[in-house]
Amino acid sequence: MTTEITTRMTAAAAQEAQAGTATAARAWNHTHVLDLDDFSREEIEIVLDLADRMREILDRRIARVPALRGFTVVNLFYEPSTRTRASFELAGKVLGADVLSLSASTSSVQKGESLIDTVRTMRAMRADAIVIRHAMAGAPYLAATHTDAAIINAGDGSHAHPTQALLDLYTIRRHVGDLAGKRVVMVGDIAHSRVARSDLWGLTTMGADVVVCGPPTLLPRGLRVSDRPAHAESALPPVTIETDADRALEGADVVIALRLQSERQEGGLLPSLHEYAEHYQVTERRLARANPNHLLMHPGPKNEGIEISGPVARGSHSIIEEQVTNGVAVRMALLYLLSGGTEPPGGDAPTRTADGDARR
Ligand code: CP
């Protein structure tokens with residue numbers, strides 16, 4: 001099978017991939033992926049360019065290459081997930097990695113084992129990358145200080161979801177090319193959304209003109225320049241703030257509808273769901289104000305009838321399912337980069353670093 005896959009890659013494509021991954025090896029400096037606030041534009045582009053190669057592999061009739069043979073990925077999920085967990089599993093398997101998934105509900109976490117002990121236990125079993133989703137903001141950062149495995153943040157509380165942001169950037173780029181100057185409007189519960197925070201970093205780094213829109217109670221503190229805390233590193237990047245959805249959507253090139261994060265909200269932030277939907281639901285009527293070629297996105301899971309209408313979610317502008325497919329390609333790219341791979345994925349050459357260690 002390996003030979004068949006290799007020979008299907010043309011010499012030109014192999015050369016191009018080799019050049020691309022050689023560049024990636026030079027400029028990629030991350031041992032973990034915790035958020036996008038420490039990613040440069042060049043580093044984001046390395047991930048997105050490599051995701052193009054991964055998407056090509058993913059779209060093959062037999063989507064399997066041995067690029068991560070002998071590399072072990074552990075999914076450690078303390079919160080529910082459909083897309084992120086499944087796509088990391090698929091991403092690892094397409095690249096030939098060993099992948100195992102642990103849920104907090106069925107692991108020794110139930111017997112009181114700490115996050116740090118769990119991570120160290122997984123590393124003792126030779127896990128090379130550990131993908132963590134946790135309800136507490138900062139949990140993956142803590143893990144990263146107690147292991148030399150690569151830690152990937154798959155969502156920590158309301159804080160960050162960097163792999164979702166990268167797949168969002170990749171999906172937008174596939175449609176519009178350069179994001180610079182594109183009006184990207186996020187509508188919904190910005191305050192509790194880790195996707196919104198990571199998207200803000202990624203989109204502004206790529207030069208997009210970002211607008212966030214929601215009721216004042218669902219906009220995060222620190223967004224307005226006047227609210228900025230003294231510590232610059234805790235500030236969010238500058239964006240336009242709107243509380244009127246009709247005005248926000250005027251001329252939008254991309255609309256990202258965000259779920260109401262009821263599991264993270266304290267009470268009293270909204271008068272009623274009905275009233276919220278009345279003022280902030282992304283509907284066909286509201287989207288008539290957007291650019292006629294706008295893209296409609298949602299990270300999922302979505303609550304149709306609350307933040308987005310059913311016809312819009314399944315309409316001709318919706319690229320929600322494409323986001324899901326691209327999520328696999330982007331996560332393949334991240335696992336590959338974190339493994340220290342330097343050969344073109346798709347070939348059957350060993351892909352580990354010269355010292356033979358899993359990652360470094
Ligand atoms: N977008 C996202 O993180 O979805 P899941 O919660 O299903 O992983």
Some residue of the range 120-141 being of a type in the set (Lys, Arg), assigned to a helix (DSSP H, G or I) and either at pLDDT below 95 or within 16 Å of the ligand (Cβ to nearest atom) (or both): no
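Out of Gly92, Gly112, Gly157, Gly96, report the one residue that is loosely packed, with under 15 Cβ neighbours inside 10 Å and either over 21 Å from Arg55 (Cα atoms) or not acidic (Asp, Glu) (or both). First the steps, then the outcome.
On the way: Gly92 fails: loosely packed, with under 15 Cβ neighbours inside 10 Å; Gly157 fails: loosely packed, with under 15 Cβ neighbours inside 10 Å; Gly96 fails: loosely packed, with under 15 Cβ neighbours inside 10 Å.
Among Gly92, Gly112, Gly157, Gly96, only Gly112 is loosely packed, with under 15 Cβ neighbours inside 10 Å and either over 21 Å from Arg55 (Cα atoms) or not acidic (Asp, Glu) (or both).
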Test: residue in the range 182-198 that is surrounded by fewer than 24 Cβ atoms within 10 Å (Cβ to Cβ), farther than 11 Å from Val254 by Cα and in contact with a Phe, Trp or Tyr (Cβ under 7 Å, 6 or more places away or on another chain): no
Residues of the range 66-103 satisfying the condition of being within 16 Å of the ligand (Cβ to nearest atom), in contact (Cβ under 8 Å) with a residue 24 or more places away in the chain, farther than 14 Å from Asp128 by Cα and not aromatic (Phe, Trp, Tyr): Glu79, Ser81, Thr82, Arg83, Thr84, Arg85, Ser87, Leu90, Ala91, Leu102, Ser103
Those residues of the range 142-154 which are in a loop (DSSP other than H, G, I, E, B) and surrounded by fewer than 19 Cβ atoms within 10 Å (Cβ to Cβ), in sequence order: Thr145, His146, Thr147, Asp148
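The values are calculated or read from the model by the stated rules, or taken from the named source; none is laboratory data. Model, not experiment: these values are computed from the prediction. Positions of Cβ are generated from backbone atoms using ideal geometry, with glycine treated the same way; all protein chains shown enter the neighbour counts.
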